[in-house]
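Engineer: Below you'll find the structure I mean.
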Amino acid sequence: MSKIIWGINVGTHDSSITSIVDNEIVFAAHGERSSRIKNDKILPETTVRQALRASGNAPDKIVFYERDWLKRARQLYAGQYRTALTKPRVSSLVPLVSSPHWITSTSVAHHHSHAAAGYYTSPYRDAAVLVVDSIGEWETLTIWKGEGRNLKRVFSQGYPNSLGLWYSAMTQRIGLKPNEDEYILMGWAALGDPNKYKTKIFNDFFKPLNPNSPKIQFKQNLHRGCKDWAPELDTIQDYADIAASTQAVYEHVFTHLVKQTKKLVDSDNLVIMGGCALNCVANSIAHKAYNGNVWIMPNPGDAGSSLGAVLAYNKDFVEWKGPYLGYNIPGTYPVAKAITELKATGLVGIANGKAEFGPRALGNRSLIADPRGADVKDRVNTVKRRQEFRPFAPMILEEYADEYFDGPAGPYMQYTSKCRFPDKFPAIAHLDNTSRVQTVNKEQHPGLYRLLTEWMKETGCPMLLNTSLNIKGEPMVDTEADAQRWQDAYGVKVLTKGN
Ligand SMILES: [Fe+2]
């Protein structure tokens, strides 16, 4: 008899569900993809039904990704009375009531979910695990030691000191949306001077770092932002300089954390998790410090914690086969059709196979373009309604990565490296000539590998521009119907299957 365990993230933001059957991940998806509401906190019934179908039966156990009562206690402490006293909507789980067997439920701690999602999907059997986010129940920064199946917390820091909350506060300070637009601040940083306000920001917000402790202490509680900080800095260039300086301070503090993690946990391997693990520049610092022995599960934020919840409960590794775990659009990968469209128009959408579990499209819900030439970036940014300074990521045949880029690269766009030919490929290189490279090999995604191989044969270029199939502020395309709607709305062909 199969053992079916579900992990659930619902009620805060980025709802998601994961189903693990006999130690295999059979389904994992974000609620927003079905509801079409960005960062939806409600888990839609459609997503639950998809999980049910993929599992073959109702779950035996449901594991919630954080301790609800502990979180409510912190919310009350923080004065968030309305949030603390509102019950999360769990109506989406109603279909399970008709289950033929008794379903039990439990919960694990927020940071435990993060740590487990990273460690138990990693290729390591010993590792240091660094978790940095805004806030769970109380914890904001934890360090863990993974040894065999054992995962032990060796350092913990709590609210209100939070590197993530500070980064979100700075995001809001420059007019962006906190808890959502942090990646835009990261991109904006390339337009500013990182040294202009680095010292001021550090001194205004942080207490001095302790060379013998990972502890990060702040001079104020940043939970409600810092909108009044330095009101005289109010021009667009000021904002770019604040973004650049914020990122520089973040890297400085993150470097300290990596060093302290190395001191605390004797291991050659590092796992990074929590929303902060989406900061590609900081990840690259860790990559260097650990000689490349770094694993970041490609959905390191709270949405990935539905997976972590099950793994924290099971206390066991799963074989990581890739992030393609969501809604399935069946059919062969549309290689020939995509090449034809790329040659004719330079741009094509692909919605095929299982949707990516994570914030980045990695070939199955992607908008793909010819990366050569000067006008590609503007064209794709116009289609996607994005800010024009923002670059796109390249995906490249793994064997050519070193020839085109200098620095760390991997299959999930988690690091930055220097583009060796930024003038030839301005659409995939940032203003500082860096790129977030996605490498592709045959095992990881045979369809994408064929697409890039054929593209290379036709053009001599082993690389394509890859961005998510959505427009700014919208969830990615999920189903065939979404694909059709997207094609009709934005005038770019979206392919859902090959011949
Ligand atoms: Fe978190």
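Engineer: May I ask you to list the residues in region 113-138 that are more than 9 Å from the ligand (Cβ to nearest atom), part of a loop (DSSP other than H, G, I, E, B) and in contact with a Phe, Trp or Tyr (Cβ under 7 Å, 6 or more places away or on another chain)?
Structural biologist: Scanning region 113-138 gives 120, 121, 122, 123, 124, 138.
Engineer: Moving to a separate point now. Name the pairs: first residue in region 106-133 and within 12 Å of residue 317 (Cα to Cα) and touching a residue at least 60 places away in the same chain (Cβ under 8 Å), second residue more than 14 Å from the ligand (Cβ to nearest atom) and part of a helix (DSSP H, G or I), Cβ to Cβ under 7 Å, at least 6 apart or on different chains?
Structural biologist: Every condition considered, the pairs that remain are 116/311; 117/311; 120/311.
Engineer: Collect the residues in region 196-214 that are surrounded by fewer than 15 Cβ atoms within 10 Å (Cβ to Cβ), assigned to a loop (DSSP other than H, G, I, E, B) and of a type outside the set (Ser, Thr, Tyr), keeping them in residue-number order.
Structural biologist: Passing the criteria: 207, 208, 210, 211, 212.
Engineer: On to the next question. Mind listing just one residue for me: the one in region 430-445 that is under 20 Å from the mean Cα position of the chain (by Cα) and over 26 Å from residue 122 (Cα atoms) and, of those, surrounded by the fewest Cβ atoms within 10 Å (Cβ to Cβ)?
Structural biologist: Taking the candidates together, the pick is 430.
Engineer: Another question, then. Looking only at region 297-341, how many residues end up being surrounded by fewer than 24 Cβ atoms within 10 Å (Cβ to Cβ), of a type in the set (A, V, I, L, M, F, W, C) and either under 26 Å from residue 265 (Cβ atoms) or within 16 Å of the ligand (Cβ to nearest atom) (or both)?
Structural biologist: Final tally of qualifying residues: 3.
Engineer: Something else about it: Which one is surrounded by the most Cβ atoms within 10 Å (Cβ to Cβ) among residues in region 362-415 that are assigned to a helix (DSSP H, G or I) and of a type in the set (Lys, Arg)?
Structural biologist: 377
Engineer: Of the conditions (1) without any contact (Cβ under 8 Å) to a residue 60 or more places away in the chain; (2) closer than 22 Å to residue 160 by Cβ, residue 232 fails just one. Which one is it?
Structural biologist: Result: residue 232 passes all but (2).
Engineer: Going residue by residue through region 12-33, is there one that turns out to be surrounded by fewer than 23 Cβ atoms within 10 Å (Cβ to Cβ), at pLDDT below 90 and in a loop (DSSP other than H, G, I, E, B)?
Structural biologist: Yes, some residue in region 12-33 is surrounded by fewer than 23 Cβ atoms within 10 Å (Cβ to Cβ), at pLDDT below 90 and in a loop (DSSP other than H, G, I, E, B).
Engineer: So for region 153-164 (the condition being in a strand (DSSP E or B), over 21 Å from residue 246 (Cα atoms) and either in contact (Cβ under 8 Å) with a residue 60 or more places away in the chain or more than 16 Å from the ligand (Cβ to nearest atom) (or both)), does at least one residue qualify?
Structural biologist: Within region 153-164 (the criterion being in a strand (DSSP E or B), over 21 Å from residue 246 (Cα atoms) and either in contact (Cβ under 8 Å) with a residue 60 or more places away in the chain or more than 16 Å from the ligand (Cβ to nearest atom) (or both)), the answer is yes, since at least one residue qualifies.
Engineer: If you go through region 269-296 one residue at a time, how many are of a type in the set (Val, Ile, Thr) and either within 16 Å of the ligand (Cβ to nearest atom) or in a loop (DSSP other than H, G, I, E, B) (or both)?
Structural biologist: Counting residues in region 269-296 that are of a type in the set (Val, Ile, Thr) and either within 16 Å of the ligand (Cβ to nearest atom) or in a loop (DSSP other than H, G, I, E, B) (or both) gives 3.
Engineer: Can you find, within region 139-152, the residue that is farthest from the ligand (Cβ to nearest atom) among those that are more than 17 Å from residue 214 (Cα to Cα) and in contact with a helix residue (DSSP H, G or I) (Cβ under 6 Å, 6 or more places away or on another chain)?
Structural biologist: The qualifying residue farthest from the ligand (Cβ to nearest atom) is 146.
Engineer: Of these, 134, 122, 107, which one is in contact with a Cys (Cβ under 9 Å, 6 or more places away or on another chain), under 20 Å from residue 306 (Cβ atoms) and either at pLDDT 85 or above or surrounded by 23 or more Cβ atoms within 10 Å (Cβ to Cβ) (or both)?
Structural biologist: Unique residue meeting the criteria: 134.
Engineer: Condition check: at pLDDT below 85 and not in a loop (DSSP other than H, G, I, E, B). Does residue 82 satisfy that?
Structural biologist: yes
The values are calculated or read from the model by the stated rules, or taken from the named source; none is laboratory data. On a predicted model such as this, the values are computed, not experimentally measured, just so you know. Here the Cβ is made from the backbone with ideal geometry for all residues, glycine too, and neighbour counts use every protein chain on show.
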